[in-house]
Amino acid sequence: MKRKGTGPDGLVIVDKPEGITSHGVVAKLRWLAGTRKVGHAGTLDPMATGVLVLGVERATRLLGHLMLTNKTYEATIRLGQTTITDDREGEVTASVPADGLDPEAIGTAIEALTGEIMQVPSKVSAIKIDGKRSYARVREGEDFELAARPTTVHSFTVHERRSATAEDGTPVTDLDVTVECSSGTYIRALARDLGAALGVGGHLTALRRTKVGPYGLEHARTLEQLEEKLEVLPIADAAAAAFPRWDLDEDQARLISTGMKLPAPGLGVDGPIAVFAPDGRFLARVEEKGASAKPVAVFVG
């Protein structure tokens, strides 16, 4: 049964529960909004929870233009065990007692994983190799290597350090951490690399994304809440929150809607600008190039 949409096109900020894929959330929202035009920005693994940004109708085109590059995560890293997936859902491949780790050594290893780093993604990521997802190759038992990629870890903070005992009896150390990073950073890979640097192995046991760009948990709604009331952030509000704003007169709005350049507004902005009609409609995303403002993406017509 298809449900009729209850809101305008725009963004829906979901607090994704554990145990469902990002695609599963998209499928749910398609039913709730009564449209196939739903997409998401920034995949979360089934084990992970937290902020997932989705676009509905015209806003699906806006997703790729939003400044969603900075993300914040809360995670628990277990030191002392290595798994095939770099998280708790994979088979344990090695166990090393890790209850007596030196806090200073942990801090030094974390410092080395902070800033601009080269990171080898987890093999169970969605990265494509010759058109085939990396995780699919792992499932089929293929032996392969992924190339390191540049990424930025803005901060990597330990909030709590606990001694624990793994299911196989290995004494381990659990770290509750907060990571602020750029898009393309794999928190599972940080856990793996931290454990490797300390010589004991490591993997992720919990992951919650608390912020994507300007959108935090305070903006997010659970699937249950969205079933009760589908809250959609209108596309104009989403654009105004993400970019500097430029309000046009009627003549300017008509020109920009057809993809024409306009004289630059002189906002002194190095980057995208959101352009609005006199009635408040979001028209386009433009960039200043010298004396002109050139449309990069037009969202009307």
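The values are calculated or read from the model by the stated rules, or taken from the named source; none is laboratory data. Computed from a predicted structure; not experimentally measured. Heads up, the Cβs are rebuilt from the backbone with ideal geometry, glycines too, and the neighbour counts pull from every protein chain shown.
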Scan of the range 284-301 for residues that are of a type in the set (A, V, I, L, M, F, W, C) and either more than 26 Å from the chain's Cα centre (by Cα) or not in a strand (DSSP E or B) (or both), ordered by number: 291, 293, 299, 300
Check on residue 20, of a type outside the set (Asp, Glu), at negative phi, at pLDDT 90 or above and not in a loop (DSSP other than H, G, I, E, B): no
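Do the conditions hold for residue 274, that is, is it under 28 Å from residue 42 (Cβ atoms), outside the structural domain of residue 44 (by TED's automatic domain parsing) and either buried (at least 20 other Cβ atoms within 10 Å of the Cβ) or touching a Phe, Trp or Tyr at 6+ places or on another chain (Cβ under 8 Å) (or both)?
Working: under 28 Å from residue 42 (Cβ atoms): yes; outside the structural domain of residue 44 (by TED's automatic domain parsing): yes; either buried (at least 20 other Cβ atoms within 10 Å of the Cβ) or touching a Phe, Trp or Tyr at 6+ places or on another chain (Cβ under 8 Å) (or both): yes.
Judged against the criteria, residue 274 is a match.
Consider residue 180 carefully, then state whether it is without any contact (Cβ under 8 Å) to a residue 60 or more places away in the chain and either under 30 Å from residue 274 (Cβ atoms) or part of a helix (DSSP H, G or I) (or both). Can you show your working first?
Numbers: without any contact (Cβ under 8 Å) to a residue 60 or more places away in the chain: no; either under 30 Å from residue 274 (Cβ atoms) or part of a helix (DSSP H, G or I) (or both): yes.
When the stated conditions are applied, residue 180 does not pass them.
Of all residues in the range 277-291 being farther than 18 Å from residue 247 by Cβ and not aliphatic (A, V, I, L, M), which is surrounded by the most Cβ atoms within 10 Å (Cβ to Cβ)? Can you show your working first?
Step one: filter the range 277-291 for residues farther than 18 Å from residue 247 by Cβ, giving 289-291.
Still in the list and also not aliphatic (A, V, I, L, M): 289-290.
Working: 289: 10, 290: 7.
Among those that are farther than 18 Å from residue 247 by Cβ and not aliphatic (A, V, I, L, M), it is 289.
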Lone unmet requirement of (1) of a type outside the set (D, E, K, R); (2) touching a Phe, Trp or Tyr at 6+ places or on another chain (Cβ under 6 Å); (3) at pLDDT 95 or above for residue 239: (3)
Number of positions in the range 226-266 that are free of Cβ contacts under 8 Å to residues at least 12 places away in the same chain and under 31 Å from the mean Cα position of the chain (by Cα): 1
Matching option when the condition is outside any helix (DSSP H, G or I), over 29 Å from residue 31 (Cα atoms), free of Cβ contacts under 8 Å to residues at least 12 places away in the same chain and among the charged types (D, E, K, R), among 167, 160: 167
Members of the range 23-71 found to be in a helix (DSSP H, G or I), at pLDDT below 90 and surrounded by fewer than 21 Cβ atoms within 10 Å (Cβ to Cβ), listed by number: 60, 61, 63, 64, 65
The range 245-271 - residue that is of a type outside the set (Gly, Ala, Ser) and modelled with pLDDT under 90 and, of those, surrounded by the fewest Cβ atoms within 10 Å (Cβ to Cβ): 270
Odd one out for residue 89 among (1) part of a loop (DSSP other than H, G, I, E, B); (2) charged (D, E, K, R); (3) in contact with a Gly (Cβ under 9 Å, 6 or more places away or on another chain): (3)
